[in-house]
Structures are given as structure tokens and as C-alpha cells.
Amino acid sequence: MKLPNSLPRLRGHLFTTLLLALGSAFGSSAASANDAFLGRWALTVPDGGAGWLEIRKENGWYDGSILWVAGSVVPVSSVFFTGDTLNVTRTHEVKRKDGSGKSLIQQFTELITARVDGEKLSLVRFEPRENGEGVSQSEFSGKRIPALPPRPDLSKVKFGEPIQLFNGKDLTGWRLLEPKAANGWTVEGGSLLNRPDKASGKHYGNLRTDREFEDFNLKLEAKLPPKGNSGVYLRGLYEIQVSDSFGHPPDSHGIGAVYSRITPSSNPAKAPGEWQTFDITLVDRHVTVVLNGVKIIDNQPVAGCTGGAISSDESKPGPIYIQGDHAAVDYRNMILKPVAK
């Protein structure tokens, strides 16, 4: 998902101006009251999916970022207050064609309002219908994310006995994340293969472990075709990107990244068709990634869930899940060592 360009942000500010004019009767809140909204929030969006919101104040301005179920963390268009209500606008593009078949792009700005009660948010989403007729309204909730713990000293962390996640023979210990999705996963020659048939128009499923885990070290190998794309989710929360990034500069959407959140320091990716080795450690919401023997993320904090997470609650254990709805990919030698308690 690309970042909004200046035009949507401009229109978002114009929309904000109109809302401010309408809401001027509420007056302005004291800064201390507004500060109750500052920080990071785990969202459970209207369809039950995972989201994330950050509200911050910098140089006298309020601003924010949002994650809505899938894609990347992106900046919101505007943040403002009416009385004791937080207002956030975000803008998205709608592609259309006119009568002659020419492609057109329109921008639609939606409004999210929030009230705070201690560590919880009550939110309402007002979304203009794309046909221009009316507004859809839906309620959802948010919960404050606790402050990130200090960076752990990994030299003092002890790990338990290794767990073989994939036995190299069959899918024992794994199941589809979406039970009704098409299954593109098979086992062949000791490898776990995903072969979605995109031409079929079917939605192919992601695969998750039956077991759930807290903190751990995970080692695995992955092999991708040209332009291949997959991902490994830690506890179902944080995606480590698995993609064909050979020859590209490091990127928050490239191989080894914590998707859209942490950019690797380098890109030691091998060419398509070669096995890539991953050594991933998750401890106290801090991630370390070693790709093909090179440390590319060094014990860095993760601010929140990534797009495609099965939950936004970072306090709970969760499965390892691997993306199967994108493109072909092979996995093997998947070994997890949980942190010993």
C-alpha cells in the first residue's frame, strides 16, 4: 500500500476545516484532556480485524498514523479535537472510468471519532459511500498498548528445547487460518510448498500452527520464485517479510523487514530459486532478524501489529502463520525454541 500523496492530504485538511466549522460550538478542550488520547492503541475494527492507531503531539501539532487490517502503517490526513472527542480523518483513492473508458481517480475522506475512558477507546467510523449517496457508520473499540519494555539483554535469555514445527512429511500441526479458503499447501521432498492458482480467482489460505507461543527463536529456510511474496507472522502479530528482493536496497517492505515497521540495515538476499535462511528472535516485543548469516535487524522494538495480523493484542501468545494468499513459496527446516521461563 503506498503512502497517501499530497493531494489526498490536502483534501483531507479541507474536509477537516469544514468539520471544524461545524464543530466550533463545542469549543476547545484543555491540552491535558487531549493528552489522554496520546500514545498507541490496539484496535479491533468493525469486522473484527486487527488495527492500530498512534496519536502524537509534535511541535504544537497533533498528528497520527493508522493501520487498518491489511497493508502498511500510513499517516492519517488530520487529527483534531471537538470538546472531549478525538477526530481523525484519512483519505483513500477510488478508481473509476468515465463514459469513454478513461481512468479517473477520486479521493474519499472518512472520519473516525473517539472517546476515551481510562485505557479504552470507543470509536465510530463515518465512511462516505463510493456512489456518493450517504455515509456508512460503524462502531469499534480500542485498547491502550502498554509502553514498550526496555531492550532485552539477549545474552541472558535462555531458550528451551527445540520444537520441530514442520515434520517434512505432512501438515501435522498446521491448519488453514481461514477454514473456507482454497488450500494451496502440499508437502513434497521434505519441503512445505504453496502453489496458489491465481487464474482460478479463488482466495488461497494462509497456514498457521495449531500451537501458540510467546517469546522464542525461530529458524527456517524459504525459497522464492522471481517476484515471489510470502511472510512469516510471529505470534500471528508481526510479519517478517519473505519476498524476492534480490539486488534491491533495504526496504521496510523487502525481505527480512518487519513489514512497514522496521527497515533492515542491509539486504543479503540470495537470487530467486535459492534457499534463504532466517534466524528470528522475538523477546519482549523486540525483534532480531539474521538473514543468510547477516544480522539485519538488531533487537529493535516493534510499535504494534502489522497488516494481516490475526489480532492487535500484543499481550497474548499466538501461532506462527505463513502467508499463502500471495504467490508460490517453499519452506523447510522450521525449528522453534521457546524462551525458558
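Yes or no, residue by residue, for (1) farther than 28 Å from Ile66 by Cα; (2) of a type in the set (Ser, Thr, Tyr); (3) modelled with pLDDT of 95 or more:
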position: Gly142; (1), (2), (3): no, no, yes
position: Val157; (1), (2), (3): yes, no, yes
position: Gly160; (1), (2), (3): yes, no, yes
position: Ala182; (1), (2), (3): yes, no, no
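Thr186 meets the conditions (1) farther than 30 Å from Ala271 by Cβ; (2) outside any loop (DSSP other than H, G, I, E, B) in every case but one. The failed one is (1). Tell me, yes or no, whether the stretch 160-173 has at least one residue that is closer than 22 Å to Arg208 by Cβ and assigned to a strand (DSSP E or B). So far as the stretch 160-173 goes, yes, one or more of its residues are closer than 22 Å to Arg208 by Cβ and assigned to a strand (DSSP E or B).
Identification of strands (runs of 3 or more DSSP E) wholly contained in the stretch 275-330 with 1 or more residues that are at negative phi, in the same structural domain as Gly201 (by TED's automatic domain parsing) and acidic (Asp, Glu) yields 275-283, 294-301. The set of residues from the stretch 233-254 being assigned to a strand (DSSP E or B) and free of Cβ contacts under 8 Å to residues at least 40 places away in the same chain comprises Gln241, Ser243.
Consider Pro196 carefully, then state whether it is surrounded by fewer than 19 Cβ atoms within 10 Å (Cβ to Cβ) and assigned to a loop (DSSP other than H, G, I, E, B). For Pro196, the condition - surrounded by fewer than 19 Cβ atoms within 10 Å (Cβ to Cβ) and assigned to a loop (DSSP other than H, G, I, E, B) - is not met. Scoring Glu110 on the criteria (1) in contact (Cβ under 8 Å) with a residue 40 or more places away in the chain; (2) surrounded by 15 or more Cβ atoms within 10 Å (Cβ to Cβ); (3) touching a Phe, Trp or Tyr at 6+ places or on another chain (Cβ under 9 Å) leaves a single failure, condition (1). Taking the conditions (1) of a type in the set (Gly, Ala, Ser); (2) assigned to a strand (DSSP E or B); (3) exposed (fewer than 13 other Cβ atoms within 10 Å of the Cβ) in turn, Ala147 satisfies each one other than (2). Against the conditions (1) touching a strand residue (DSSP E or B) at 6+ places or on another chain (Cβ under 7 Å); (2) among the hydrophobic types (A, V, I, L, M, F, W, C); (3) closer than 28 Å to Lys158 by Cβ, Trp275 satisfies every one except (3). Being over 22 Å from Asn34 (Cα atoms) and surrounded by 20 or more Cβ atoms within 10 Å (Cβ to Cβ) is the filter here; which residues of the stretch 44-73 pass it? Residues satisfying the conditions are Ala50, Trp68, Val73. Evaluation of Leu121 against the conditions (1) at positive phi; (2) assigned by TED's automatic domain parsing to the domain that holds Gly60; (3) not aromatic (Phe, Trp, Tyr) shows that the sole unmet condition is (1). For the stretch 143-169, a residue qualifies if it is in contact with a Ser or Thr (Cβ under 7 Å, 6 or more places away or on another chain) and closer than 30 Å to Trp41 by Cα, and exactly one does: Leu154. Here is a check on your reading of the model: is Phe140 closer than 23 Å to Ala42 by Cα and in a strand (DSSP E or B)? Yes, satisfied. Looking only at residues of the stretch 116-175 that are of a type in the set (D, E, K, R) and touching a Pro at 6+ places or on another chain (Cβ under 8 Å), we find that the one that is nearest to Glu314 (Cα to Cα) is Arg151. Residues in the stretch 215-232 that are part of a strand (DSSP E or B), modelled with pLDDT of 95 or more and of a type outside the set (Phe, Trp, Tyr): Asn217, Leu218, Lys219, Leu220, Glu221, Ala222, Lys223, Ser230, Gly231, Val232. Among the residues making up the stretch 121-137, those that are exposed (fewer than 13 other Cβ atoms within 10 Å of the Cβ) and touching a strand residue (DSSP E or B) at 6+ places or on another chain (Cβ under 7 Å) are Arg129, Glu130, Val135, Ser136, Gln137.
The values are calculated or read from the model by the stated rules, or taken from the named source; none is laboratory data. Keep in mind that what you see is a predicted model, and the values were worked out from it rather than measured. Ideal geometry is used to build each Cβ from the backbone, glycine not excepted, and the neighbour counts take in all protein chains shown.
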